[in-house]
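Please read the structure below before turning to the comments.
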Amino acid sequence: MVSFESDYIAGAHPKVLQRLVDTNQESLSGYGTDKYCSSAKEKIKKACDAPDAEVEFLTGGTQTNMVVISTMLRGNEGVIAAKTGHINCHEAGSVEYSGYKVMEVEQYEGKLKAKDVDALAETFYGDENHEHMVYPKMVYISHPTEYGTLYSKAELEELAAVCKKYSMYLFLDGARLGYGLMSKATDVSLHDIAKLCDVFYIGGTKVGALCGEAIVFKKGLRPEHFVGLIKQRGALVAKGRMLGVQFDALFTDGLYFEIGRHAEEMKEKLRKLFIDRGIRFFIDSPTNQQFVILENSMMEELKKYVAFSFWEKLDADHTVVRFATGWSTTEEDLKVLEDALNKVM
């Protein structure tokens, strides 16, 4: 069955997989100390225009969010996130499990606003008893968000200014960053993100890799003894080469950005299939995740032909579902969807 469930339904992009095959027999040092990890780090820093940045690799988004937050914060510090933020809703409480509080603020189509972050911090420091409370020390955002929406450069600048005002870190979850960077609706570049964020990661799992995320720290912000801290959290991969080889491939000849452009093209064609049939969108997402409203009986019929993700119940008769494009989406996949829509409408 053709699937639009997510952007990690397939394995690895053929060029990434081929690099894994080509390097498979090489004997290399472990834990990310091999030549491919070193090469990938240099390519990433060059792409970010951040030669002083420090890059580390982890296997997946949940591990990365938990490791970054739990190693950068002290025990009495917490992280601010939108109510719909991934760490707040879809990671089984991993941040709280590691001992750190997630401090909710209102969300606006998946995004948080600088004014709400400022208000939270101002209220905290205005309380004479704040020494007995959890300090807001980090602001977590994702780009794209859970709803496929994007921050503008101006919005990132506003958030960075508030973080600087209160000595907080700005942490950007880039699990789907490649798709956000290639959206026609964005004015944000990888260089902008590297400049404005204290720490962020470049998602590989959802953007062409078998698995893997590349964390980028501003100079001096990588926690001391970071490798040991990763290991302590059960997230250190002995065969670190696996991550280095993949990111070295993704950042060779612009493959990472090529994957993002492909998903963007497929997304536009997918949107048109829904628009032409008068199917309503739940939110105007400019990235590869598209959220549409289906009448329940139509949804059940469509499930017989293509796979997609439940998102939320809209009312008794309608459901919001998600269709996602990715590196592996093809014209043939879209034709199957088109035929299926014609059958159920």
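On the stretch given as segment 79-107, residues that are without any contact (Cβ under 8 Å) to a residue 12 or more places away in the chain and surrounded by 14 or more Cβ atoms within 10 Å (Cβ to Cβ) total 1.
Does S6 satisfy being within 30 Å of A307 (Cα to Cα), in a loop (DSSP other than H, G, I, E, B) and not acidic (D, E)? Reasoning before the result, please.
Numbers: within 30 Å of A307 (Cα to Cα): yes; in a loop (DSSP other than H, G, I, E, B): yes; not acidic (D, E): yes.
So S6 fits the description; yes.
Yes/no matrix, rows are residues, columns are (1) in contact with an Asp or Glu (Cβ under 9 Å, 6 or more places away or on another chain); (2) more than 26 Å from V162 (Cβ to Cβ); (3) basic (K, R); (4) not assigned by TED's automatic domain parsing to the domain that holds R19:
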site: I193; (1), (2), (3), (4): no, no, no, no
site: C211; (1), (2), (3), (4): no, yes, no, no
site: G220; (1), (2), (3), (4): yes, no, no, no
site: E224; (1), (2), (3), (4): no, yes, no, no
site: V227; (1), (2), (3), (4): yes, yes, no, no
site: L236; (1), (2), (3), (4): no, yes, no, no
site: V245; (1), (2), (3), (4): yes, yes, no, no
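Summed over segment 241-299, residues that are under 18 Å from the mean Cα position of the chain (by Cα) and hydroxyl-bearing (S, T, Y) total 3.
Among the residues of segment 276-310, those identified as under 11 Å from F323 (Cβ atoms), in contact (Cβ under 8 Å) with a residue 24 or more places away in the chain and either hydroxyl-bearing (S, T, Y) or not in a loop (DSSP other than H, G, I, E, B) (or both) are S285, Q289, Q290, F291, V292, L294, L302, V306, A307, S309. Only one entry of G244, G260 meets the criterion of being in contact (Cβ under 8 Å) with a residue 40 or more places away in the chain, in contact with a Cys (Cβ under 8 Å, 6 or more places away or on another chain) and not basic (K, R), and that entry is G244. What number of residues in segment 304-315 are surrounded by 14 or more Cβ atoms within 10 Å (Cβ to Cβ) and over 17 Å from L270 (Cβ atoms)? Result for segment 304-315: 1.
Any chance segment 207-218 includes a residue that's of a type in the set (F, W, Y) and assigned to a helix (DSSP H, G or I)? Show your work before the answer.
First pass over segment 207-218, keeping only residues of a type in the set (F, W, Y): 217.
Still in the list and also assigned to a helix (DSSP H, G or I): none.
Within segment 207-218, not a single residue is of a type in the set (F, W, Y) and assigned to a helix (DSSP H, G or I).
Based on what the data block shows, is E258 modelled with pLDDT of 95 or more, acidic (D, E) and within 27 Å of G326 (Cβ to Cβ)? Criteria met by E258. Assessment of segment 162-169 against the conditions (in contact with a strand residue (DSSP E or B) (Cβ under 9 Å, 6 or more places away or on another chain) and closer than 30 Å to K267 by Cβ) yields no matching residue.
What residue, of L120, L28, L73, is under 28 Å from Q289 (Cβ atoms) and either at pLDDT 95 or above or in contact with a helix residue (DSSP H, G or I) (Cβ under 7 Å, 6 or more places away or on another chain) (or both)? First the steps, then the outcome.
Details: L28 fails: under 28 Å from Q289 (Cβ atoms); L73 fails: under 28 Å from Q289 (Cβ atoms).
After ruling out the rest, the residue left standing is L120.
Filtering segment 84-111 to residues that are under 19 Å from Q289 (Cα atoms) and of a type outside the set (D, E) leaves T84, G85, H86, I87, C89, H90, Q107, Y108, G110, K111. Applying the condition of being more than 27 Å from S183 (Cα to Cα) and in a loop (DSSP other than H, G, I, E, B) to segment 315-343 and asking which residue is nearest to the chain's Cα centre (by Cα) yields D315.
Let me confirm something: among A238, A175, A209, A194, which residue is more than 22 Å from A82 (Cα to Cα), buried (at least 18 other Cβ atoms within 10 Å of the Cβ) and of a type in the set (G, A, S)?
On the way: A238 fails: buried (at least 18 other Cβ atoms within 10 Å of the Cβ); A175 fails: more than 22 Å from A82 (Cα to Cα); A194 fails: more than 22 Å from A82 (Cα to Cα).
Result: A209 is the single residue among A238, A175, A209, A194 that is more than 22 Å from A82 (Cα to Cα), buried (at least 18 other Cβ atoms within 10 Å of the Cβ) and of a type in the set (G, A, S).
The values are calculated or read from the model by the stated rules, or taken from the named source; none is laboratory data. Given the structure is predicted, the values throughout are model-derived calculations rather than measurements. Note that each Cβ is placed from the backbone with ideal geometry, even for glycine, and that neighbours are counted across all protein chains shown.
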